[in-house]
Amino acid sequence: MIQPPGPRLFCWRRQRRAARVPPGPLRDYLAGRIPDLSSDCRETPFLAVDLETTGLNPAEDQILSIGWVAMDGLTIRLDTAGQCRVRPTREIPEASAVIHQITDDQAARGGSLGEALERFLEVLGGRVMLAHHAAVELGFLDQACQSEYGFACMIPTVDTLRLAQDEMERRQETVRSGGLRLNALRERYNLPRYKGHDALNDALAAAELFAAQVSHRAEDKPLPLHRVLHRPGPLW
């Protein structure tokens, strides 16, 4: 796993970027405080997030839905659950609609990308993002912020898929085909199966998986946030 720099260095880089970003939601987010990266992750505020998109290429595809639910440590705050639809600028590919079942008519009733990002960045403030296969969320969020504000976002992130990979490597387990998918990993911890490819459902599913992963891994010992944190790319 890629190890992030110390909290001071990362915060300093965020502050530098905030000074360059035009006034608005991204600047407000970057200028805000983030959790101490050396603190116990069982006491860290998280925001479990999932995106539904028209495809897997952030440079060409678009965000259709953002779902989230907050966690205070390993406690899932169902009262914070939220989801917003994003109105795409072109028709949704048929192959994509079959997966997430968001039709053009439903998407047309969504808000703009800018409105969705503003709401999302507000609820993300002060929290670490949590996602399954987070490279997808990070890629689309960076692209969206670049499009709306001229700068990519710097979001401290935990990836439940990477945690599972690390655990399997530590145990020298062979990863079976499909074994790292969200529902497959949830089955390892006897978690119930949810209907997939819904942003809010998948965000909740990732939150529950993370709580199980940490409970199984940490036992009664502190588990520093930096040991589970993953944020790829040069923005670190």
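For the reader, a short list of remarks on this structure follows.
- The listed residues Ser38, Ser177, once ranked by accessible area (1.4 Å probe) with the largest placed first, stand as Ser177, Ser38.
- Distant-in-sequence amide contacts of Arg77, defined by a placed amide H-H separation under 5 Å and a gap of 5 or more residues or a different chain, comprise Ala70, Met71, Asp72.
- By DSSP, the beta bridges lying fully in the range 5-230 are antiparallel in about 70 percent of cases.
- Per-residue accessible area (protein heavy atoms, 1.4 Å probe) orders Thr80, Thr157 as Thr80, Thr157, starting from the largest.
- 3J(HN,Hα) along the range 187-197, derived from phi through the Karplus expression 6.51 cos²θ - 1.76 cosθ + 1.60 where θ = phi - 60°, amounts to 4, 4, 10, 6, 8, x, 8, 9, 5, x, 6 Hz, with x in place of Gly and Pro.
- Two-decimal ratio, the chain, of alpha-carbon radius of gyration to 2.2 N^0.38 Å: 0.99
- Note on Met154: accessible area approximately 10 square angstrom, rounded to 10, probe 1.4 Å, nucleic acids and ligands left out.
- Thr53 long-range amide H proximity, modeled H, under 5 Å: Leu64
- Dipole size of the chain about its Cα centre, with +1 on Lys/Arg Cβ and -1 on Asp/Glu Cβ: approximately 740 debye, rounded to the nearest 20.
- Here the contact order of the chain, divided by its residue count and restricted to Cα pairs under 8 Å and six or more residues apart, works out to 28 percent.
- Potential lengthening of the chain between Thr89 and Gln15 amounts to 23.4 nm, from the contour at 0.36 nm per residue minus the alpha-carbon distance.
- Per residue, the chain reaches -12500 deg cm²/dmol at 222 nm when only DSSP H runs of four or more residues are counted, each adding -39500 (n - 2.57).
- Gain on full stretching of the segment that runs from His133 to Arg171 - 0.36 nm per residue minus C-alpha separation: 11.6 nm
- Karplus-derived HN-Hα couplings along the range 142-151 (A = 6.51, B = -1.76, C = 1.60, θ = phi - 60°), whole Hz, x at Gly and Pro: 4, 5, 5, 5, 4, 5, 7, 10, x, 9
- Against the criterion of solvent-accessible heavy-atom surface with a 1.4 angstrom probe, Leu9, Leu78, Leu117, Leu56 sort, most first, into Leu56, Leu78, Leu9, Leu117.
- Cα gyration tensor category, rounded, prolate or oblate, for the range 168-221 with a/c compared to 1.5: oblate
- Fully extended contour minus Cα-Cα distance, from Leu56 to Val123, at 0.36 nm per residue: 21.7 nm
- Element breakdown for the chain at a 1.4 angstrom probe: carbon and sulfur atoms account for 48% of the accessible area.
- GluC sites (Glu not before Pro) within the range 1-81, DSSP loop, no more than 14 other Cβ atoms inside 10 Å: Glu60
- Distant-in-sequence amide H partners of Leu223 (H built 1.01 Å from N, under 5 Å): Cys41, Arg42
- Accessible area per residue in Å² at 1.4 Å probe, computed on the chain: 50 Å²
The values are calculated or read from the model by the stated rules, or taken from the named source; none is laboratory data. All values derive from a computational prediction rather than experimental measurement. We place every Cβ from the backbone using ideal geometry, glycine too, and count neighbours over all the protein chains shown. The accessibility values were calculated without ligands, DNA or RNA, using every heavy atom of the protein model including side chains. Shrake-Rupley method; radii C 1.70, N 1.55, O 1.52, S 1.80 Å.
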